[in-house]
Amino acid sequence: METIELLILLLKFIVFPGAIFCIAYGFFLEWFDRKLYAKFQNRIGPLLTGPKGLLQPFADFVKLLAKEDITPVGADKLGFTLTPLLTVAVSLFTLLFIPIHSLTGVLSLPGDVLLVLFISTVFGLLIMFAGYFSGNRFSMVGTERTGLQFVGYEIPFALSVISVAAAARSLEITNIVNYQVNILGLPLIVFTPIAFAIYLISALAKLEKIPFDIPEAETEIVGGWQVEYSGKKLAFFRLATDLKMVFVSGLAAALFLGGPYGPSIPGLEPIFYTIWFIIKTLIVMFILSNLRSLFARYRIDQVVHGFWKYMVPLAVLQILIVEGLIFMGVI
Amino acid sequence: MAVLSKLVKWARIKSPWIIHYNSGGCNACDIEVVAALTPRFDVERFGILLKGSPRHADVLVVTGPVTRQTKNRLIRIYNQMADPKFVLAVGTCTITGGVFRGAYGVLGGVDEAIPVDVFVPGCPPKPEAIIQGVVKLLEKLQKT
Ligand code: SF4
């Protein structure tokens, strides 16, 4: 009996909704993002790789895996090899906490909101290490910018998540989802629209997408922190970015949009919940791609100023509103 | 193994990332290369992306003749790229030196400095011609 349970758990970790599903879905999200981005710019986007270009991210990944892997003389060999692997491992680990096929993730423990927030901070740190270890001046500039931007977006991101946790009076993702499904009956975005907006904006900064792609800024500092990475290592970084997209949109779905819950046929919940998860994350990605194609890159000081001057007070205001609503007994 | 190498070849053909370098041309070719990336021609259809770093790119797109000043830089950029790498030379200048041939600072075509896979003639070539050049390059890849 125990071996069977262990096997099922292992399958959950590796196949669904663990590693393999998440990687495939990450590739799909990248394709969705690129296609939408192209549509907004009046282009067509990937077209000839697989049906409608669906396999483009996969083709990029395989090509990079098969390319020569250069380690520059000036790089710190151990750190240079380790950071890409760690980045992928850490992003996969955080995804285990996201509820995909049921109201709980594969892993769930008390206080996992804080754990997930902490690990998503490690993303930023790993990017800084990645730039630092490659020993190139462009990546050094990229590292500095990552650090500075990190100071900007991390606090509003955490505050927006905290306001949701305050509304549900719980620090466990499962409980927050349960609260929306069973007690409130509404997704929390109804009461925390400001927090949702702040979450999306800081998520863009976390993913280093266009208005906040300052650390990569191809036109200024070539490729930022990833300038020296080639072949397998670059492939892993790209994979990690895709996984982060799944993580960010999945967490938004879980915290603000009622998790993977939706109308379903009794008995077939896992399938319907997965479909609802995909629909909700695609909505989040749609908003993110919109923002990405609407804006031009900000300057680094504008980003830090903007986050601290406007986002943090707004996030605090949102927490106050939530507390007021709880005090009045609305939620 | 055969399946794997087929997969890799398919991936290589489907995602050639380019880096663009002007080794001393008059800029018209560069404008045409950039035009190939814009909505009207949109080479992202074929999976082509413009990359900033030579370490990320597969195809080096060179425009203009090689001058004495840029020769070393061109060679250095070529050496920085990861294998397998290809060179696409755009414009008449890259073949013979074009209108700059014989000038005191000009060495001549791009093959004076680095090996070239495909030449695209024209002064400047149309974006269609550049895309045709890329297709020729991919055909060459298909045969290997
Ligand atoms: S080929 Fe003609 S257009 Fe192109 S760089 Fe040379 S002179 Fe200019």
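The values are calculated or read from the model by the stated rules, or taken from the named source; none is laboratory data. Every value quoted in this text rests on a predicted model; they were computed, and no experiment measured them. All Cβ positions, glycine included, derive from the backbone under ideal geometry; neighbour counts span all protein chains shown. The area values use the complete protein model at the heavy-atom level, side chains included, leaving out ligands, DNA and RNA. Shrake-Rupley method; radii C 1.70, N 1.55, O 1.52, S 1.80 Å.
Every test in (1) within 16 Å of the ligand (Cβ to nearest atom); (2) in contact with a Lys or Arg (Cβ under 9 Å, 6 or more places away or on another chain); (3) hydrophobic (A, V, I, L, M, F, W, C); (4) open to solvent by 10 Å² or more (accessible area, probe 1.4 Å) is passed by B:Val120 save one, and that test is (4). Against the numbered list (1) under 17 Å from B:Gly52 (Cβ atoms); (2) part of a helix (DSSP H, G or I); (3) open to solvent by 10 Å² or more (accessible area, probe 1.4 Å); (4) not hydroxyl-bearing (Ser, Thr, Tyr), A:Glu216 comes up short only at (2).
Tallying residues that are within 16 Å of the ligand (Cβ to nearest atom) and either modelled with pLDDT under 85 or surrounded by 21 or more Cβ atoms within 10 Å (Cβ to Cβ) (or both) within segment B:22-54 yields 7.
Every condition in (1) part of a helix (DSSP H, G or I); (2) buried (at least 23 other Cβ atoms within 10 Å of the Cβ); (3) touching a Pro at 6+ places or on another chain (Cβ under 7 Å) is met by A:Glu228 except one, and the failing one is (1).
Identify all residues within segment B:92-104 that are within 14 Å of the ligand (Cβ to nearest atom), part of a loop (DSSP other than H, G, I, E, B) and either touching a residue at least 60 places away in the same chain (Cβ under 8 Å) or on the phi < 0 side of the Ramachandran plot (or both); write none if there are none. Residues satisfying the conditions are B:Thr92, B:Arg101, B:Ala103.
For segment B:64-84, residues that are assigned to a loop (DSSP other than H, G, I, E, B), in contact with a strand residue (DSSP E or B) (Cβ under 7 Å, 6 or more places away or on another chain) and away from the ligand (no atom under 14 Å from the Cβ) total 2.
The sole residue among B:Lys71, B:Lys14, B:Lys9 that is within 13 Å of chain A (Cβ to nearest Cβ), touching a residue at least 40 places away in the same chain (Cβ under 8 Å) and farther than 17 Å from B:Gly133 by Cβ is B:Lys9.
Within segment A:150-168, residues that are closer than 20 Å to A:Tyr179 by Cβ and of a type in the set (A, V, I, L, M, F, W, C) reach partners that are modelled with pLDDT under 90 and outside any helix (DSSP H, G or I) with beta carbons closer than 7 Å, at six or more positions or on different chains, in the pairs A:Val164/A:Thr192; A:Ala165/A:Leu171; A:Ala167/A:Phe191; A:Ala167/A:Thr192; A:Ala167/A:Ile331.
Screening A:Lys77 against (1) open to solvent by 30 Å² or more (accessible area, probe 1.4 Å); (2) touching a residue at least 12 places away in the same chain (Cβ under 8 Å); (3) more than 9 Å from every other protein chain (Cβ to nearest Cβ); (4) on the phi < 0 side of the Ramachandran plot leaves a single unmet condition, (2).
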